[in-house]
Amino acid sequence: MSQVSQQTAYDDNNIFAKMLNGDIPYHKVYEDDKTLAFMDIMPQAEGHVLVIPKQKAVDLADLEPEYAAAVLMTCKKIMQAQRQVFKREGIIQMQLNGSEAGQTVFHYHVHLIPSSIHELGKHAIKMANQDELAEQAQQLAAIINA
Ligand code: 5GP
């Protein structure tokens, strides 16, 4: 039997909840009434973006259909912009459910990573340069908002 503990209750103090509340800074790429997209602070490849719903969902099991649809539509926007900015056709869409799967932030989120599964870097290990993240967020936002 697995010894990994599972988080089932939503924690209002998780890092993404704090971003949604405006309590901590982040490099915003896109926002609408149901979703927020921003640069991952420890990217697995250049241009790694996270998309979150504005709904208190721990993982996929909690996600309401209207937010699931909204997250996917935002992912499409981000992916199209990533292809242009980072000149990569390959964009990995990844989403981890539960600590056993490697989930570390317990607010549902989709990773969009310009990379190949064969060259993907380690998960949530190395801090990116903040100036580079700001520049990348700006480039992506410019395409999405054009
Ligand atoms: P998970 O492991 O839950 O699938 O992914 C969480 C992601 O959030 C990781 O890729 C990690 O780098 C990212 N992350 C953790 N803390 C922060 C933060 O404070 N700001 C940003 N922008 N990303 C974070």
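Between I92 and M73, the modelled label-to-label distance comes to 2.9 nm, taking each label 7 Å out from Cα in the direction of the beta carbon.
In the chain the longest region clear of GluC sites (Glu not before Pro) that are loop-assigned by DSSP and have at most 14 other C-beta atoms within 10 Å covers 1-88. Which residues among segment 55-79 fall inside the zone where the amide N is under 11 Å from a point 7 Å beyond the Cα of I143, along Cα→Cβ? Within reach of a label on I143: 77-79.
Once a ≥ b ≥ c are taken as the square roots of the eigenvalues of the Cα gyration tensor of segment 15-144, is the result rounded (a/c under 1.5), prolate (a/b larger than b/c) or oblate (a/b not larger than b/c)? Rounded, since a/c falls under 1.5.
The fewest-to-most ranking of H111, H123 by surrounding Cβ atoms within 10 Å reads H123, H111.
Entry note, the chain: relative contact order of 31 percent, from Cα contacts under 8 Å with a spacing of 6+ residues.
In the chain, the longest principal axis of the Cα atoms and the axis of helix 130-144 are about 80 degrees apart. Legend: ranking of residues V71, V110 from fewest to most surrounding C-beta atoms inside 10 Å; resulting order V110, V71. Relative to the longest principal axis of the Cα atoms of the chain, helix 65-85 runs at roughly 30 degrees. Taking L133, L112, L20 as the candidate residues, the one with maximal mean-square fluctuation in a Gaussian network model of the chain, Cα springs under 10 Å, is L20.
Neighbour counts of C-beta atoms inside 10 Å place I52, I91, I24 in the sequence I24, I91, I52, starting with the fewest.
If each residue of separation counts as 0.36 nm, what is the full-extension length gain between E119 and T104 once their alpha-carbon separation is subtracted? Walk me through the numbers on the way to the answer.
Values: separation 15, 0.36 × 15 = 5.40 nm, distance 2.16 nm.
Length gained between E119 and T104: 3.2 nm.
For the chain, adding -39500 (n - 2.57) for each run of n ≥ 4 DSSP H residues and dividing by the number of residues yields -9500 deg cm²/dmol at 222 nm. In loop segments of segment 77-146 as defined by DSSP, the trypsin sites (Lys or Arg not before Pro) with at most 14 further C-beta atoms inside 10 Å of their C-beta are K87, K122, K126.
Values quoted throughout were computed directly from the atomic coordinates according to the rules given, and no laboratory measurement underlies them. These numbers come from a predicted model, not from an experiment. Methodologically, a virtual Cβ is constructed for each residue, glycine included, from the backbone with ideal geometry; neighbour enumeration extends over all protein chains shown.
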